[in-house]
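Just below is one structure, and these are the notes that go with it.
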Amino acid sequence: MERKQKERKGHLVLVPCPLPSHMSPMLHLAKLLHSQGFSITIIHTQLNSPNESHYPEFSFESIGGSMLESYSAFDGDVMLFLSKLNMKCETPFHECLVKMQLRCQYTPISCIIYDAVMYFSAAVADDLKLFRIVLRTSSAANYIGLSILDESDFVSEPRMEEPVAGFPFLRIKDMPLFSTQKHTREVLTCIYNGTRTASAIIWNSLWCLEHALFEKIKNETLVPVFPLGPLQKHCSSFSTNVLSEEQGCIAWLDKQAPSSVVYVSFGSVVTMTEDELLEMAWGLANSGQPFLWVVRACVVNGSDGVEMLPREFHEATRSRCRIASWLPQQKILAHTSIGCFLTHNGWNSTIESIAEGVPMLCWPRVGDQRVNARFVSHVWRVGLQLEDRLLREDVESAIQTLFIDEEGIEIHKRAKELKKKVDISLRQGGASSEFLSRLVKYISLQETMIRLSNA
Ligand code: UDP
């Protein structure tokens, strides 16, 4: 451990959220900051925890071992899971940091960087007078959505189609609405406050995608924002997947025509009804395009979706379909045979698709997915959005529009243009790369001030 800590610019303690789609951006950020000369300690909860042997350059500290075993499979209520997680982690994290500060193998902590949903970290850092920065793994649009939403909007069904004041291209129904349950409201408020009060905000998003919103956030929070995204593209050989993947699909993709395959995946959490699964299946089958579909084991409300697909569907699609339970998504989106991504628009999926120039067919379900989908279809115009109520005819005709119609060709062109902007952002002198340099200077300055005040 001494070797890991010695002669580095400073010591950063990172607090990722154990949900797979949150763990990955934080690990990418860890790698990026390590490459900039910082030593890194990752705090983990032993739930979906990263395999330490894959990351010899980091130190790891565990909080909440046995107490979190009972949450190994949360029941689909992400907000309830987060509420319990935050309650359970605060004390062990406090104890862990106190111990770390006493142990001589660790250099003093320069900064705590925590996922916005791990808001307990804010209280602990403040109590120990540690400097803290928050990582937002969702879009700036989602943050703005949370900040402008009036509670009454949650309940008033007739207002759902109305435009949002100040954002005419957004409708109230595009806002990050969750349920009105008390624990949900409390968690969202804590996430929002835990972001607002940090010394700086790192985003897994890009200046070229959301600069107007970043300006607004900077003016409102009065703290620097560092959009460094897409985090996964800075160190592309670095893998963070904590779930096992089926690699055979790449060989299958190699045999498909360029830009011909529909990749279908709804992330790690979303579930659907049996009806929706069947509409999706027949829409894909009738589209005539080859498709690669991630059907997670519990996607149909806890049951195995693949078993619900009828024999006729398998017979009709055998020659042009692959189904898997989990795939190496980033590798797939980068494959030349992929022509479109049918997605729920979780932010990771959205930004991964943008980074590879893949047009999207959006079917958002909850939370930030709706606002992301609206930006995809109406602001960046690199996709089309399906209606909430999924019908096989709509899936089929939207796929055909994307692959055949003039509108689809324009969408493909814009997606490729946007990818170029992302590539430029990542190059030396580009926005994401510049924000990284600024972040390094910002943390180093804080580090110097800590050292001087301890001298
Ligand atoms: N993912 C993956 N393989 C799959 C499906 C998803 O690696 O078969 C990854 C995907 O690349 C993304 C994450 O899981 O990084 C899903 O995150 P997102 O924010 O899109 O959705 P969530 O899971 O939070 O709903």
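The values are calculated or read from the model by the stated rules, or taken from the named source; none is laboratory data. As the structure is a computational prediction, the values presented were derived from the model and not from experiment. Backbone-built Cβ (ideal geometry, glycine too); neighbour counts: all protein chains shown. Remember, those area values only see protein heavy atoms, side chains included, never the ligands or the DNA or RNA. Shrake-Rupley method; radii C 1.70, N 1.55, O 1.52, S 1.80 Å.
Ser432 satisfies every condition listed in (1) over 17 Å from His11 (Cβ atoms); (2) open to solvent by 80 Å² or more (accessible area, probe 1.4 Å) except (2).
In the list Glu396, Glu352, which residue meets the criterion of being of a type in the set (Asp, Glu), touching a residue at least 12 places away in the same chain (Cβ under 8 Å) and under 29 Å from Leu19 (Cβ atoms)? Spell out the reasoning first.
Details: Glu396 fails: under 29 Å from Leu19 (Cβ atoms).
Exactly one residue qualifies, and that residue is Glu352.
Yes or no: region 295-310 includes at least one residue that is touching a residue at least 40 places away in the same chain (Cβ under 8 Å) and in contact with a strand residue (DSSP E or B) (Cβ under 7 Å, 6 or more places away or on another chain). Scanning region 295-310 turns up no residue that is touching a residue at least 40 places away in the same chain (Cβ under 8 Å) and in contact with a strand residue (DSSP E or B) (Cβ under 7 Å, 6 or more places away or on another chain). Scan region 223-245 and give yes if some residue there is without any contact (Cβ under 8 Å) to a residue 12 or more places away in the chain, open to solvent by 30 Å² or more (accessible area, probe 1.4 Å), away from the ligand (no atom under 16 Å from the Cβ) and not hydroxyl-bearing (Ser, Thr, Tyr), otherwise no. Taking every residue of region 223-245 in turn, none turns out to be without any contact (Cβ under 8 Å) to a residue 12 or more places away in the chain, open to solvent by 30 Å² or more (accessible area, probe 1.4 Å), away from the ligand (no atom under 16 Å from the Cβ) and not hydroxyl-bearing (Ser, Thr, Tyr). Figure legend. Inter-residue proximity from region 19-48: first residues within 15 Å of the ligand (Cβ to nearest atom), second residues hydroxyl-bearing (Ser, Thr, Tyr) and modelled with pLDDT of 95 or more, beta-carbon distance below 8 Å, spacing 6+ or different chains. Indicated pairs: Ser21/Thr137; His22/Thr137; Pro25/Thr137; Met26/Thr137.
When the helices (runs of 4 or more DSSP H) confined to region 281-399 are screened for residues that are within 16 Å of the ligand (Cβ to nearest atom) and not hydrophobic (A, V, I, L, M, F, W, C), those reaching at least 3 such residues are found at 329-333, 347-356, 369-374.
Within region 416-428, residues that are surrounded by 12 or more Cβ atoms within 10 Å (Cβ to Cβ) reach partners that are modelled with pLDDT under 95 and not hydroxyl-bearing (Ser, Thr, Tyr) with beta carbons closer than 6 Å, at six or more positions or on different chains, in the pairs Leu426/Lys233.
So, Lys182, is that one modelled with pLDDT under 80, surrounded by fewer than 16 Cβ atoms within 10 Å (Cβ to Cβ) and charged (D, E, K, R) or not? Yes: the conditions hold for Lys182.
Scanning region 386-407 for any residue that is out of contact with any Pro (no Cβ under 7 Å at 6 or more places or on another chain), of a type in the set (Phe, Trp, Tyr) and open to solvent by less than 10 Å² (accessible area, probe 1.4 Å) turns up nothing.
Among the residues making up region 284-302, those that are on the phi < 0 side of the Ramachandran plot and open to solvent by 50 Å² or more (accessible area, probe 1.4 Å) are Asn286, Ala297, Cys298. In region 436-455, the qualifying residues are those that are open to solvent by 20 Å² or more (accessible area, probe 1.4 Å) and among the hydrophobic types (A, V, I, L, M, F, W, C), and the one that is modelled with the highest pLDDT is Leu445.
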